[in-house]
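The values are calculated or read from the model by the stated rules, or taken from the named source; none is laboratory data. Bear in mind that the values here come from a model prediction, so they are computed numbers and not experimental data. A quick note on method: Cβ atoms are made from the backbone with ideal geometry, for glycine too, and the neighbour counts reach across all protein chains shown. These area figures cover heavy atoms from the full protein model, side chains too; ligands, DNA and RNA do not enter into them. Shrake-Rupley method; radii C 1.70, N 1.55, O 1.52, S 1.80 Å.
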Amino acid sequence: MSANEVSDLLQALRAGRVSLEEVTERFRRRSWPVTRRRAPTTYLDMAQQEDPAPDVPGSFDDVTAAYDRAEITREQYRALAHAVAESIDAAGTLS
């Protein structure tokens, strides 16, 4: 696997080298980077947040991008999203 495990797993899923169940299990066991921005404290911070944040490699952003490019199905996206949510919830990093 390369430095971006998420993209590698999505490519393997598309190619049929791994099953959706295998990918969701890996996603459940994985640590996910926080991609949310901090709350703005100044007007400049608020203005800067009008621009979309860049995607974070190795995060759920990769899954969303794959879905937007029609590289994974709606059902696959939902299953992966649930697996990521379970992982984040288990880590106690939801807030």
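Laid out as a table, the results:
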read-out	value
Residues satisfying the stated conditions in the range 41-82, i.e. part of a helix (DSSP H, G or I) and under 16 Å from Ser7 (Cβ atoms)	Phe60, Asp61, Asp62, Val63, Thr64, Ala65, Ala66, Tyr67, Asp68, Gln76, Tyr77, Leu80
Those residues of the range 21-39 which are in a loop (DSSP other than H, G, I, E, B) and either open to solvent by less than 50 Å² (accessible area, probe 1.4 Å) or among the hydroxyl-bearing types (Ser, Thr, Tyr) (or both), in sequence order	Arg30, Ser31, Trp32, Thr35
Residues (within 12 Å of the chain's Cα centre (by Cα) and of a type outside the set (Val, Ile, Thr)) located in the range 37-78	Asp55, Pro57, Gly58, Ser59, Phe60, Asp61, Asp62, Ala65, Ala66, Tyr67, Tyr77, Arg78
Every residue from the range 40-63 that is of a type in the set (A, V, I, L, M) and open to solvent by 40 Å² or more (accessible area, probe 1.4 Å)	Leu44, Met46, Ala47, Ala53, Val56
The one condition in (1) in contact (Cβ under 8 Å) with a residue 24 or more places away in the chain; (2) among the hydrophobic types (A, V, I, L, M, F, W, C); (3) surrounded by fewer than 12 Cβ atoms within 10 Å (Cβ to Cβ) that Ala66 fails to fulfil	(3)
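The rows are residues; the columns are (1) at pLDDT 95 or above; (2) touching a Ser or Thr at 6+ places or on another chain (Cβ under 9 Å).
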{"residue": "Arg26", "(1), (2)": "yes, no"}
{"residue": "Thr35", "(1), (2)": "no, yes"}
{"residue": "Gln48", "(1), (2)": "no, no"}
{"residue": "Tyr67", "(1), (2)": "yes, yes"}
{"residue": "Glu71", "(1), (2)": "yes, no"}
